[in-house]
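*Asks:* One structure follows; several queries about it will come next.
The values are calculated or read from the model by the stated rules, or taken from the named source; none is laboratory data. Not measured: the values here are computed from a predicted model. Cβ coordinates were reconstructed from backbone atoms using ideal geometry, including for glycine residues, and neighbour counts include every protein chain displayed.
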Amino acid sequence: MQLVSIRGATTIEDNMQQKIIHGTKQLLLEMERSNNLDRRNVVSIFFSATKDLNTEYPAKAARLLGYNQCGLMCFNEMDVIDGIDKCIRVMILYNGVSEQKKVKHIYLGKAKTLRPDLNP
């Protein structure tokens, strides 16, 4: 098996617990679907959130989806001038059979502007 990293991000409309949980679940499920992930092969998931999202940990959404055997960590995203607001970023470390170059990174909502190369 080869360890690969899978990146993704999404934006949330309101700083509310249920919105953070819903948006994070939606992103994780799309990352799973697009990359054919088996949750048993997820080593860890790192989450970062901009400072304007502080009513819930994005990792809670992963636990609610059943990610109970891998490491989950949440961090504050750098506060960059003119950066994107209300954004959650995710990096999954995954033991899989795919090569890194075959990974599909997923960017939803306004977060699509972070990787215009992936959204022609």
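*Asks:* Looking only at segment 11-37, count every residue that is within 12 Å of the chain's Cα centre (by Cα) and touching a residue at least 60 places away in the same chain (Cβ under 8 Å) and tell me the total.
*Replies:* 9
*Asks:* OK, next. Looking at segment 1-19, can you tell me whether even one residue there is assigned to a loop (DSSP other than H, G, I, E, B), out of contact with any Asp or Glu (no Cβ under 8 Å at 6 or more places or on another chain), of a type outside the set (S, T, N, Q) and modelled with pLDDT under 95?
*Replies:* Yes.
*Asks:* Using beta carbons and a limit of 6 Å, which pairs, at least six apart or on different chains, have the first residue in segment 56-79 and surrounded by 11 or more Cβ atoms within 10 Å (Cβ to Cβ) and the second one polar (S, T, N, Q) and assigned to a loop (DSSP other than H, G, I, E, B)?
*Replies:* From segment 56-79, the pairs are 77/50.
*Asks:* Is it true that some residue in segment 43-51 is more than 19 Å from residue 108 (Cα to Cα) and either touching a His at 6+ places or on another chain (Cβ under 7 Å) or hydroxyl-bearing (Ser, Thr, Tyr) (or both)?
*Replies:* Yes, the conditions are met somewhere in segment 43-51.
*Asks:* Checking residue 48 against (1) at pLDDT below 95; (2) part of a strand (DSSP E or B): exactly one of these is not met. Which one?
*Replies:* Every condition holds for residue 48 apart from (1).
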